[in-house]
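> Can you read through this structure? Questions will come right after.
The values are calculated or read from the model by the stated rules, or taken from the named source; none is laboratory data. This one's a predicted model, so the numbers in the text were calculated from it and none came from an experiment. So basically every Cβ, Gly included, is an ideal-geometry build from the backbone, and we count neighbours across all protein chains shown.
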Amino acid sequence: KTQSFKGMLSGRLKISVASTGKYVMPYYLKDFLKVNQGIDLLMDVTNKTKVVESLANNEVDFALVSVLPEKLDIEQEILLPNKLVLTASKNYEFDKNGLLNKAVFDELPLIYREEGSGTRTVMQEYFQQAHIVPKVRFELTSSEAVKQAVMAGLGFSIQSILSLKNELKEGEIQIIRVEGLPLIENWRLIWLKQKKLSIVAREFLKYIQLHKDNIFSENFAWTAHF
Ligand code: PGA
(Lines give C-alpha, C1' and ligand atoms only; values in the text may rest on other atoms or scores of the structure.)
Protein backbone atom coordinates (compact mmCIF):
# COMPACT_ATOMS: atom_id res chain seq x y z
CA LYS A 1 0.00 0.00 0.00
CA THR A 2 1.23 3.46 -0.90
CA GLN A 3 0.11 4.83 2.48
CA SER A 4 3.03 3.17 4.20
CA PHE A 5 5.46 5.75 2.79
CA LYS A 6 7.01 7.90 5.57
CA GLY A 7 9.00 11.13 5.46
CA MET A 8 8.98 14.76 6.55
CA LEU A 9 10.40 16.77 3.70
CA SER A 10 9.91 20.41 2.96
CA GLY A 11 10.74 22.53 -0.06
CA ARG A 12 9.38 23.09 -3.53
CA LEU A 13 8.47 20.56 -6.18
CA LYS A 14 7.90 21.94 -9.68
CA ILE A 15 6.30 19.82 -12.34
CA SER A 16 5.14 20.75 -15.79
CA VAL A 17 2.53 18.46 -17.32
CA ALA A 18 1.06 18.12 -20.80
CA SER A 19 -2.67 18.73 -21.09
CA THR A 20 -3.97 15.22 -20.39
CA GLY A 21 -1.40 14.83 -17.64
CA LYS A 22 -3.73 16.63 -15.27
CA TYR A 23 -5.82 13.44 -15.13
CA VAL A 24 -2.74 11.45 -14.16
CA MET A 25 -0.32 13.45 -12.04
CA PRO A 26 -2.46 14.05 -8.90
CA TYR A 27 -2.72 10.31 -8.29
CA TYR A 28 1.05 9.97 -8.44
CA LEU A 29 1.47 12.84 -5.95
CA LYS A 30 -1.29 12.24 -3.44
CA ASP A 31 0.34 10.07 -0.78
CA PHE A 32 3.76 11.70 -1.16
CA LEU A 33 2.28 15.12 -0.43
CA LYS A 34 0.13 13.78 2.37
CA VAL A 35 3.14 12.47 4.22
CA ASN A 36 5.31 15.46 3.38
CA GLN A 37 3.05 18.37 4.29
CA GLY A 38 5.94 20.84 4.05
CA ILE A 39 6.25 20.47 0.29
CA ASP A 40 4.96 23.24 -1.96
CA LEU A 41 3.76 21.88 -5.26
CA LEU A 42 3.78 23.99 -8.39
CA MET A 43 2.19 22.23 -11.33
CA ASP A 44 1.86 23.90 -14.70
CA VAL A 45 -0.53 22.37 -17.24
CA THR A 46 0.15 23.23 -20.89
CA ASN A 47 1.05 21.18 -23.93
CA LYS A 48 3.97 18.96 -24.80
CA THR A 49 6.03 21.65 -26.54
CA LYS A 50 5.74 24.14 -23.66
CA VAL A 51 6.40 21.40 -21.12
CA VAL A 52 9.60 20.47 -22.89
CA GLU A 53 10.61 24.14 -23.07
CA SER A 54 10.27 24.59 -19.31
CA LEU A 55 12.38 21.49 -18.82
CA ALA A 56 15.04 22.70 -21.25
CA ASN A 57 15.17 26.07 -19.45
CA ASN A 58 15.63 24.28 -16.14
CA GLU A 59 12.46 25.85 -14.72
CA VAL A 60 11.04 22.60 -13.35
CA ASP A 61 12.19 19.44 -11.59
CA PHE A 62 10.12 17.07 -13.71
CA ALA A 63 7.82 17.00 -16.67
CA LEU A 64 5.06 14.58 -17.52
CA VAL A 65 4.60 13.84 -21.21
CA SER A 66 3.62 10.94 -23.39
CA VAL A 67 5.46 11.99 -26.53
CA LEU A 68 9.20 12.20 -25.81
CA PRO A 69 11.16 15.33 -26.68
CA GLU A 70 13.56 14.69 -29.55
CA LYS A 71 16.46 16.96 -28.75
CA LEU A 72 16.88 16.88 -24.98
CA ASP A 73 19.13 14.54 -23.08
CA ILE A 74 16.68 13.15 -20.55
CA GLU A 75 16.07 10.38 -18.06
CA GLN A 76 12.63 8.88 -17.71
CA GLU A 77 10.38 6.79 -15.55
CA ILE A 78 7.43 5.24 -17.38
CA LEU A 79 4.22 5.54 -15.36
CA LEU A 80 1.37 4.11 -17.42
CA PRO A 81 0.08 3.57 -20.96
CA ASN A 82 -1.72 6.38 -22.77
CA LYS A 83 -4.35 5.01 -25.14
CA LEU A 84 -5.86 7.34 -27.71
CA VAL A 85 -9.34 6.52 -29.00
CA LEU A 86 -11.82 8.05 -31.45
CA THR A 87 -14.57 9.89 -29.55
CA ALA A 88 -18.09 10.94 -30.48
CA SER A 89 -20.99 12.61 -28.68
CA LYS A 90 -23.66 10.40 -27.13
CA ASN A 91 -26.09 11.28 -29.92
CA TYR A 92 -24.00 9.93 -32.78
CA GLU A 93 -25.44 6.72 -34.21
CA PHE A 94 -23.16 4.02 -35.53
CA ASP A 95 -22.70 0.24 -35.47
CA LYS A 96 -21.49 -0.29 -31.91
CA ASN A 97 -20.37 -3.86 -32.45
CA GLY A 98 -18.34 -3.28 -35.57
CA LEU A 99 -14.76 -2.29 -36.11
CA LEU A 100 -14.92 0.54 -38.62
CA ASN A 101 -12.63 0.88 -41.59
CA LYS A 102 -10.30 3.88 -41.36
CA ALA A 103 -12.02 5.27 -44.46
CA VAL A 104 -14.51 6.60 -41.89
CA PHE A 105 -12.10 9.53 -41.49
CA ASP A 106 -12.95 10.70 -45.00
CA GLU A 107 -16.34 11.66 -43.60
CA LEU A 108 -15.97 12.69 -39.94
CA PRO A 109 -15.41 16.37 -39.08
CA LEU A 110 -12.48 16.31 -36.66
CA ILE A 111 -11.51 18.52 -33.75
CA TYR A 112 -7.77 18.91 -33.48
CA ARG A 113 -5.55 20.04 -30.64
CA GLU A 114 -3.35 23.10 -31.14
CA GLU A 115 0.09 23.11 -32.77
CA GLY A 116 2.63 21.88 -30.17
CA SER A 117 0.34 19.24 -28.66
CA GLY A 118 1.72 15.72 -28.36
CA THR A 119 -1.75 14.27 -28.93
CA ARG A 120 -1.95 16.20 -32.18
CA THR A 121 1.43 14.87 -33.32
CA VAL A 122 0.38 11.28 -32.66
CA MET A 123 -2.91 11.82 -34.53
CA GLN A 124 -1.11 13.32 -37.49
CA GLU A 125 1.31 10.41 -37.64
CA TYR A 126 -1.58 7.95 -37.66
CA PHE A 127 -3.26 9.76 -40.57
CA GLN A 128 -0.01 10.08 -42.47
CA GLN A 129 0.75 6.37 -42.18
CA ALA A 130 -2.81 5.48 -43.15
CA HIS A 131 -2.65 7.84 -46.16
CA ILE A 132 -5.68 9.71 -44.90
CA VAL A 133 -6.29 13.42 -45.29
CA PRO A 134 -8.63 14.12 -42.35
CA LYS A 135 -11.31 16.82 -42.38
CA VAL A 136 -10.02 19.14 -39.68
CA ARG A 137 -12.96 21.28 -38.64
CA PHE A 138 -11.69 23.04 -35.49
CA GLU A 139 -8.51 23.52 -33.45
CA LEU A 140 -8.79 23.83 -29.68
CA THR A 141 -6.12 24.49 -27.08
CA SER A 142 -6.54 21.85 -24.37
CA SER A 143 -7.70 18.26 -23.95
CA GLU A 144 -10.59 19.44 -21.77
CA ALA A 145 -11.74 21.93 -24.43
CA VAL A 146 -11.68 19.17 -27.06
CA LYS A 147 -13.70 16.90 -24.80
CA GLN A 148 -16.39 19.53 -24.18
CA ALA A 149 -16.61 20.24 -27.91
CA VAL A 150 -17.00 16.54 -28.74
CA MET A 151 -19.71 16.20 -26.09
CA ALA A 152 -21.53 19.23 -27.49
CA GLY A 153 -21.56 17.56 -30.90
CA LEU A 154 -19.16 19.91 -32.68
CA GLY A 155 -17.18 17.03 -34.12
CA PHE A 156 -15.07 13.97 -33.41
CA SER A 157 -11.58 13.64 -32.01
CA ILE A 158 -8.85 11.24 -31.00
CA GLN A 159 -8.34 11.56 -27.26
CA SER A 160 -6.63 9.92 -24.35
CA ILE A 161 -8.86 7.42 -22.58
CA LEU A 162 -7.52 8.84 -19.31
CA SER A 163 -9.41 12.08 -19.83
CA LEU A 164 -12.74 10.33 -20.42
CA LYS A 165 -13.37 8.35 -17.26
CA ASN A 166 -16.44 10.19 -15.97
CA GLU A 167 -17.95 10.92 -19.37
CA LEU A 168 -17.80 7.25 -20.30
CA LYS A 169 -19.41 6.32 -17.00
CA GLU A 170 -22.18 8.89 -17.53
CA GLY A 171 -22.62 7.90 -21.18
CA GLU A 172 -21.79 11.44 -22.36
CA ILE A 173 -19.13 10.26 -24.78
CA GLN A 174 -18.88 7.20 -27.01
CA ILE A 175 -15.82 5.46 -28.31
CA ILE A 176 -15.89 4.48 -31.98
CA ARG A 177 -13.72 1.45 -32.71
CA VAL A 178 -11.64 1.96 -35.83
CA GLU A 179 -8.86 -0.17 -37.26
CA GLY A 180 -5.43 0.95 -36.07
CA LEU A 181 -6.85 2.47 -32.86
CA PRO A 182 -6.24 2.87 -29.98
CA LEU A 183 -2.91 4.54 -30.56
CA ILE A 184 -0.71 3.67 -27.61
CA GLU A 185 2.03 5.76 -26.02
CA ASN A 186 3.34 5.84 -22.47
CA TRP A 187 3.03 8.60 -19.94
CA ARG A 188 6.47 9.26 -18.51
CA LEU A 189 7.98 11.42 -15.86
CA ILE A 190 11.08 12.93 -17.44
CA TRP A 191 13.93 15.10 -16.20
CA LEU A 192 17.16 16.52 -17.57
CA LYS A 193 20.06 14.12 -17.43
CA GLN A 194 22.48 16.82 -16.29
CA LYS A 195 20.07 18.24 -13.71
CA LYS A 196 21.11 18.22 -10.09
CA LEU A 197 17.89 17.07 -8.48
CA SER A 198 16.93 18.66 -5.16
CA ILE A 199 16.40 16.44 -2.12
CA VAL A 200 12.65 16.80 -2.53
CA ALA A 201 12.87 15.83 -6.20
CA ARG A 202 15.10 12.84 -5.45
CA GLU A 203 12.77 11.58 -2.75
CA PHE A 204 9.77 12.03 -5.02
CA LEU A 205 11.49 9.97 -7.68
CA LYS A 206 12.25 7.22 -5.17
CA TYR A 207 8.63 7.27 -4.05
CA ILE A 208 7.43 6.98 -7.67
CA GLN A 209 9.77 4.10 -8.44
CA LEU A 210 8.59 2.22 -5.39
CA HIS A 211 4.86 2.85 -5.68
CA LYS A 212 4.00 3.44 -9.33
CA ASP A 213 2.64 -0.05 -9.95
CA ASN A 214 0.31 0.18 -6.95
CA ILE A 215 -0.84 3.63 -7.96
CA PHE A 216 -1.61 2.32 -11.43
CA SER A 217 -3.59 -0.67 -10.24
CA GLU A 218 -5.54 1.36 -7.67
CA ASN A 219 -6.49 4.18 -10.03
CA PHE A 220 -6.03 3.24 -13.65
CA ALA A 221 -6.72 -0.47 -13.96
CA TRP A 222 -10.03 0.41 -15.72
CA THR A 223 -8.06 1.61 -18.76
CA ALA A 224 -6.93 -1.94 -19.53
CA HIS A 225 -10.34 -2.72 -21.07
CA PHE A 226 -9.90 -0.38 -24.02
P1 PGA B 1 -0.53 17.20 -25.11
O2 PGA B 1 -0.13 15.93 -24.26
O3 PGA B 1 -1.38 16.72 -26.27
O4 PGA B 1 -1.28 18.06 -24.16
O5 PGA B 1 0.73 17.85 -25.60
C6 PGA B 1 0.22 14.69 -24.72
C7 PGA B 1 1.70 14.33 -24.78
O8 PGA B 1 2.60 14.82 -24.12
O9 PGA B 1 1.92 13.42 -25.55
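> Out of K165, K147, report the one residue that is of a type outside the set (A, V, I, L, M, F, W, C) and exposed (fewer than 15 other Cβ atoms within 10 Å of the Cβ). Even if it seems obvious, please write down each step before you answer.
Values: K147 fails: exposed (fewer than 15 other Cβ atoms within 10 Å of the Cβ).
Going through K165, K147 in turn, the sole match is K165.
> A follow-up question, please. Kindly list the number of the only condition in (1) part of a loop (DSSP other than H, G, I, E, B); (2) not assigned by TED's automatic domain parsing to the domain that holds K206 that fails for F138.
Looking at each condition in turn, F138 falls short on (1).
> Which residues, counting only those in segment 175-200, are more than 21 Å from the chain's Cα centre (by Cα) and touching a residue at least 24 places away in the same chain (Cβ under 8 Å)? Full working, then the answer.
Taking segment 175-200 and keeping what is more than 21 Å from the chain's Cα centre (by Cα), we get 179, 193-200.
Result: E179, K193, Q194, K195, L197, S198, I199, V200.
> Being small (G, A, S) and surrounded by 18 or more Cβ atoms within 10 Å (Cβ to Cβ) is the requirement here; does A224 meet it? Show your work before the answer.
Numbers: small (G, A, S): yes; surrounded by 18 or more Cβ atoms within 10 Å (Cβ to Cβ): no.
Against the criterion (small (G, A, S) and surrounded by 18 or more Cβ atoms within 10 Å (Cβ to Cβ)), A224 does not qualify.
> Right, another one. So is E139 in contact with a strand residue (DSSP E or B) (Cβ under 6 Å, 6 or more places away or on another chain) and among the charged types (D, E, K, R) or not?
In short, yes.
> Specify the residue that is farthest from T49 (Cα to Cα); the eligible residues are those in segment 1-35 that are of a type in the set (S, T, N, Q) and modelled with pLDDT under 95. Working first, answer last.
First, pick out the residues of segment 1-35 that are of a type in the set (S, T, N, Q): 2-4, 10, 16, 19-20.
Filter once more, keeping what is modelled with pLDDT under 95: 2-4, 10, 19-20.
Details: T2: 32, Q3: 34, S4: 36, S10: 30, S19: 11, T20: 13 Å.
Of everything passing the filter in segment 1-35, S4 is farthest from T49 (Cα to Cα).
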